[in-house]
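Below is one structure, written out as structure tokens; comments come after it.
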């Protein structure tokens, strides 16, 4: 496959900003999915903590055929049609052309009040348990969802990115496809455990898309370096032969580059 030449900028004293392609915009004639919202008022896993959530249900969904499912952390930020990610728009465009399966998107905001880092930066299974025992059963009651774990994906950015990785790492019998934009492995409690865990453990049946940025937080610091910790995770996955795609950009710690490449990330993640 020949990739068209694209001249790279010389001056990166400021983070780069990436242009969006056509699949990040509404396309004429493409049917739009419907939006359904709800709330977990008080979680059993996280007592007295509430979570807002939204479902993006593709126009092509029918109860005759089971749909794939993909969970996004920081839900509304990823779903907002006027934001940097625009996941619902991208879903509609790719599903209409058969470039990803009919997939119900589950967009979950972090717990309130103030529980985001507790949920997302932990290396334990509490958040995955919340998804699998409290939130996703509600989705499965309303819609026909495939039982095959190869049709279950989880995604997020920053702390939501390492959260997605943790959920799949601990529960690969359920989540098999992982999308992490600018994962905050550097701020996990107790330090980033994954380079050593990945190298020591038997390879798990995961497909993983990682995006990192050369101008991420503390990119030139010896400690708590978001850039280098993503490199370490990617290197360990590569050494163990994982189904991995690693994309490095020159942006900062923001959603622009992840949003611009989301269509390509989803095409790769859901390929046969």
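What is the gain in length, in nm to one decimal, between residue 219 and residue 97 on full extension, counting 0.36 nm per residue of separation less the C-alpha to C-alpha distance? Walk me through the numbers on the way to the answer.
Details: separation 122, 0.36 × 122 = 43.92 nm, distance 3.83 nm.
Full extension of this stretch gives 40.1 nm more.
Principal axis analysis of the Cα atoms in segment 105-183 yields extents of 32, 24, 20 Å, listed in decreasing size. Considering only 252, 21, 183, the mean-square fluctuation computed in a Gaussian network model of the chain, springs between alpha carbons under 10 angstrom, is largest for 21. Here the Debye sum runs over all C-alpha atoms of segment 66-198 as equal scatterers in vacuum, and log10 of I(q)/I(0) at q = 0.23 Å⁻¹ comes out as -1.53.
Add -39500 (n - 2.57) for each DSSP H run of 4 or more in the chain, then divide by its residues: what number comes out at 222 nm, to the nearest 500 deg cm²/dmol?
Working: 9 runs with 79 residues, N = 272.
The helix contribution divided over the chain gives -8000 deg cm²/dmol.
Send over the semi-axes of segment 1-118's equivalent ellipsoid, whole angstrom and largest first, taken as the square roots of 5 times the C-alpha gyration tensor eigenvalues. Don't jump to the answer; show the numbers that get you there.
Working: eigenvalues 180, 112, 27 Å².
Whole-Å semi-axes of the equivalent ellipsoid: 30, 24, 12.
As a calculated quantity, the FRET efficiency between residue 117 and residue 9 at R0 = 45 Å, using C-beta atoms, amounts to about 0.85. Dividing the convex hull volume of the alpha carbon atoms of the chain by its residue count gives 140 Å³ per residue. From the alpha carbon centroid of segment 40-58 to that of segment 67-109 is 18 Å. Taking 106, 69, 247 as the candidate residues, the one with maximal mean-square fluctuation in a Gaussian network model of the chain, Cα springs under 10 Å, is 247.
Work out, step by step, the length gained on full extension between residue 239 and residue 59: first 0.36 nm times the residue separation, then minus their alpha carbon distance; give nm to one decimal. Walk me through the intermediate numbers first.
Working: separation 180, 0.36 × 180 = 64.80 nm, distance 4.05 nm.
Between residue 239 and residue 59, full extension yields 60.7 nm more.
Taking the chain as a Gaussian network of alpha-carbon nodes connected by springs under 10 Å, the highest mean-square fluctuation of the residues 260, 123, 221 belongs to 221.
Work out, step by step, the length gained on full extension between residue 173 and residue 204: first 0.36 nm times the residue separation, then minus their alpha carbon distance; give nm to one decimal. Provide the component values of the computation, followed by the final result.
Working: separation 31, 0.36 × 31 = 11.16 nm, distance 0.95 nm.
Here the segment from residue 173 to residue 204 would lengthen by 10.2 nm.
When both bridge partners sit in the chain, DSSP labels roughly 30% of those beta bridges antiparallel.
All of the numbers you see were taken from the coordinates with simple rules; none came from a lab. Please read these numbers as outputs of a predicted model, since none were measured by experiment. Cβ atoms come from the backbone with ideal geometry, glycine included; neighbour counts cover every protein chain shown.
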